[in-house]
1. Condition first: at pLDDT below 95 and either among the β-branched types (Val, Ile, Thr) or touching a Leu at 6+ places or on another chain (Cβ under 6 Å) (or both). Now tell me which residues in the stretch 1-26 satisfy that.
2. Please state which of the following conditions residue 101 fails to meet, knowing it meets all the rest: (1) open to solvent by 30 Å² or more (accessible area, probe 1.4 Å); (2) touching a Leu at 6+ places or on another chain (Cβ under 6 Å).
3. Being under 23 Å from residue 104 (Cα atoms) and of a type outside the set (D, E, K, R) narrows it down to one residue among 10, 26; which is it?
4. Counting only residues that are outside any strand (DSSP E or B) and of a type in the set (S, T, N, Q), which one in the stretch 6-26 is least open to solvent (accessible area, probe 1.4 Å)?
5. Being open to solvent by 70 Å² or more (accessible area, probe 1.4 Å), in contact with a Ser or Thr (Cβ under 9 Å, 6 or more places away or on another chain) and either more than 26 Å from residue 117 (Cα to Cα) or of a type in the set (Ser, Thr, Tyr) (or both) is the filter here, so list the residues in the stretch 69-93 that pass it.
6. Out of all the residues in the stretch 27-46, which are open to solvent by 50 Å² or more (accessible area, probe 1.4 Å) and under 23 Å from residue 83 (Cβ atoms)?
7. Would you point out the residue of the stretch 105-118, among those that are over 19 Å from residue 44 (Cα atoms) and touching a strand residue (DSSP E or B) at 6+ places or on another chain (Cβ under 9 Å), that is least open to solvent (accessible area, probe 1.4 Å)?
Amino acid sequence: QVQLVESGGGLVQPGGSLSVSCSASGSIFSIYLMGWYRQAPGKQRELVAAVTSGGTTDYGACVEGRFTVARDNAKKTISLQMNDLKPEDAAGYYCSVRPLLNGPRRDWGQGTQVTVSS
């Protein structure tokens, strides 16, 4: 079982920046997909950014150009640099992993809150 621990998050004003990170540990030897997702009250959970073990990166349309994701396969970490934050970016941000390309398993972290005050 993989354990995902997120750190960072907090309160930031619109236009500000914030960084969150996630570290995976436990009985896992490889992770195919590692990424960040978010969900705000009343909204669907959506992709923020995800990276495969091969380095292929996929950004959500609403954040591309403002957010930057970086994954370290050896350290089993993924970080997300969020710039030019908007009120609509306020959400719980969750780290997630998919161990196998074609496997059904998906693990989630506890999440970290990002609040963008207006």
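1. Passing the criteria: only 2.
2. (2)
3. Working: 10 fails: under 23 Å from residue 104 (Cα atoms).
None of the others qualify; the one that does is 26.
4. Looking at residues that are outside any strand (DSSP E or B) and of a type in the set (S, T, N, Q), I get 17.
5. 73, 75 - these are the residues of the stretch 69-93 that are open to solvent by 70 Å² or more (accessible area, probe 1.4 Å), in contact with a Ser or Thr (Cβ under 9 Å, 6 or more places away or on another chain) and either more than 26 Å from residue 117 (Cα to Cα) or of a type in the set (Ser, Thr, Tyr) (or both).
6. Correct list: 39, 43, 45, 46.
7. Only one residue tops the list, namely 117.
The values are calculated or read from the model by the stated rules, or taken from the named source; none is laboratory data. Model, not experiment: these values are computed from the prediction. No Cβ is skipped: glycine too gets one built from the backbone with ideal geometry, and neighbour counts run over all protein chains shown. Heavy atoms of the whole protein, side chains included, go into the accessibility calculation; ligands, DNA and RNA do not. Shrake-Rupley method; radii C 1.70, N 1.55, O 1.52, S 1.80 Å.
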